[in-house]
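Input: a single structure, listed below in structure tokens.
The values are calculated or read from the model by the stated rules, or taken from the named source; none is laboratory data. All figures in this text were calculated on a predicted structure; none of them were measured in a lab. Neighbour counts run over all protein chains shown; Cβ positions are idealised from the backbone, glycine included. Only protein heavy atoms, including side chains, enter the accessible area calculation; ligands, DNA and RNA are left aside. Shrake-Rupley method; radii C 1.70, N 1.55, O 1.52, S 1.80 Å.
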Amino acid sequence: MRVYHEQIVGNTVAYIAKTYYEKTHMYPAQMLVYKLLALMDFNSVKTKGRPCTELTYKARKNGPVPEELYKDSEEKYKNFYTVKRFPLPNGKSYKRYKAMCEPDTDYLCPSELEFLNQKINLFVTERFNSRKASEYSHQNIKAWRKTAYKKINTVIDYAAEFDDDIYSKPLNKLSMPEEQFLLYREYSKCQK
């Protein structure tokens, strides 16, 4: 986990909330934020060999859920965003995210920002609701499908985003992102 993990996560969520609000004049729902984060992280693993935010995702029924954010981490990120709760008739509530700062996009590389903008635009132009966002993430995040198929509510191994079992694949057969992921994984273990 990188030293500036909190800044990456906070600025990324604030960026999603601010950009989505600018395009729709609505704060994004919790599930939309989660789907955008997961799509970005798993795409980043597949293309570059490392997740952008390094959040831990669980394979929930409705798709990947970043556990760190799901466990009411609002206090930790209060300088970046706030979560507004709206009551439902059944006594439950739903959450929407509001940026509390001007996001510092220097914590994201240009390709991650471009990917995030493409997905936000897709969600806005296609009028994605939570159900549609779930279906989209199910189709586009292979690691969630592999994990959910085995057992719901378990941690998703980012490596499952690759087609092959990269842990047993010969080193000379690894793609660049696969090799980078294995290096990232080893380096992450040293940081703990």
Review point. Got a number for carbon plus sulfur as a percent of region 1-107's accessible area, 1.4 Å probe?
Key: 49
Practice item. Among ASP163, ASP104, ASP41, determine the one that fluctuates most according to a GNM of the chain built with springs between C-alpha atoms less than 10 Å apart. Key: ASP163
Exercise for review: Note down the Stokes-Einstein diffusion coefficient of the chain in µm²/s, whole number, using a Kirkwood radius over alpha carbon pairs, 37 °C, and 0.692 mPa s.
Suggested key: 191
Practice item. Could you sort 178-186, 18-26 so that the peptide with the highest average Cβ count within 10 Å comes first and the rest follow in order? Key: 178-186, 18-26
Review point. Given a 1.4 Å probe, how much area per residue of the chain is accessible, in Å²?
Key: 55
Check your understanding: What net charge do the residues around THR56 carry, taking every other residue with its C-beta under 11 Å from that of THR56, with Lys and Arg at +1 and Asp and Glu at -1?
Key -> -3
Review point. When the Cα atoms of region 36-108 are enclosed in a convex hull and the volume is divided per residue, what value in Å³ results?
Key: 112
Point to revise | Projected-area mean, region 144-184, by convex hull of Cα positions, square nanometres | key: 3.1
Review point. Calculated FRET efficiency, ASN140 and LYS23, Cβ-Cβ r, R0 25 Å, to nearest 0.05?
Key: 0.75
Review point. Among 115-128, 136-149, what's the highest-first ranking by average C-beta atoms within 10 angstrom per residue?
Key: 136-149, 115-128
Study note, to complete from the structure: The orientation-averaged projected area of the Cα convex hull of region 1-87, in nm², is 6.4
Exercise for review: Would you work out the relative contact order for the chain, in percent, from Cα pairs under 8 angstrom that are 6 or more residues apart?
Suggested key: 31
Practice item. Step through the table entries LYS46/LYS173; LYS48/LYS78; LYS23/LYS61; LYS18/LYS150; LYS58/LYS95, compare each Cα-Cα distance with 26 Å, and write down the pairs that go over it. Key: LYS48/LYS78; LYS23/LYS61; LYS18/LYS150
